[in-house]
Amino acid sequence: MADSTLWLHLMGIVLSLGASVLLIVGIYPAAQKIEDAEQRFQMLASILKYFHPLYLFGICLVFMSGAIGLTDLKIGLGTGYYEKISGPLMIKFGFTMMIFLIASMQCFGQGLKVTRMANGIIEADRATKDKYINKIKRATMINIVLIAITIYYGLQLGHAVAAN
Ligand code: HEM
């Protein structure tokens, strides 16, 4: 993988994983300091409005740079490239698909719903608003774990490439 492509691949990981960890470790706990429930919801909704595009941009950057890198590898490794790297690559694809599905549900489903509840387009009671804020927290935590596992298989893929 060209250094510039690998740099984009790693920058995408830093962006998506870094933003997620800050949301869970920093922003959600800080929000609990706001006693008024509606103010807390509005604050989280205004942060999520910027978090989700940044998060998706990071994941898409990883995906696109990975696809570019893979194309280079196919050319470089020639026939039999599949046998040489399919192990870690297929596992990575499996995890990447799960990461994408969860991130899409979170950003396009739950995130947009929270934004619409926050600006009053969707009527919602306290329980519903809190339920969606917690769904987003859960989805982010699951993807932090899945991205961390995929990093491990990314390194294994790097070793498989180096061995060939
Ligand atoms: C969230 C998903 C992903 C994560 C966290 C991830 C992570 C990584 C990591 C940590 C590396 C090793 C970098 C190194 O050796 O310094 C790597 C390498 C690589 N990844 Fe990914 N990756 C992801 C998705 C993908 C996807 C979807 C593809 C292909 C479509 C892909 C293709 C590659 C390729 C081709 C390499 C380079 C192997 C090499 O030449 O050393 N990755 N990835």
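The values are calculated or read from the model by the stated rules, or taken from the named source; none is laboratory data. As the structure is a computational prediction, the values presented were derived from the model and not from experiment. Here Cβ is always computed from backbone atoms with ideal geometry, including for glycine, and neighbour counts include all displayed protein chains. Protein only, heavy atoms only, side chains kept; ligands, DNA and RNA dropped before computing areas. Shrake-Rupley method; radii C 1.70, N 1.55, O 1.52, S 1.80 Å.
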TODO: Give a quick list of GluC sites (Glu not before Pro) in the stretch 20-104 that DSSP marks as loop, anything other than H, G, I, E or B, with at most 11 other Cβ atoms within 10 Å.
DONE: E35
Open item on the list: Counting heavy atoms of the protein chains only and a 1.4 Å probe, report the per residue accessible area for the chain as a whole number of Å².
Closed with: 56 Å²
TODO: Of the options I99, S65, A124, report the single residue whose Cα projects farthest towards the positive end of the charge dipole of the stretch 3-163 (beta-carbon charges: Lys, Arg +1; Asp, Glu -1).
DONE: A124
Open item on the list: Taking the alpha-carbon distance from K135 and a cut-off under 16 Å, which aspartates and glutamates remain once sequence neighbours fewer than 8 residues away in the same chain are dropped?
Closed with: D125
Open item on the list: Filter K49/K92; K92/K113; K33/K137 down to the pairs with a C-alpha to C-alpha distance above 24 Å, please.
Closed with: K49/K92; K92/K113
Task: Accessible surface of the stretch 1-116, 1.4 Å probe, proportion on carbon and sulfur as whole % - done: 73 percent
Open item on the list: Given an 8 Å cut-off on Cα distances and at least 6 residues of separation, report the relative contact order of the chain as a percent.
Closed with: 33 percent
Task: Positive-end extreme of charge dipole, the stretch 3-163 - chosen from I144, I13, Y81 (charges on Cβ) - done: I144
- [ ] Report, in debye and to the nearest 20, how large the dipole of the stretch 3-163 comes out about its Cα centre when Lys and Arg carry +1 and Asp and Glu carry -1 on their Cβ.
- [x] 260 debye
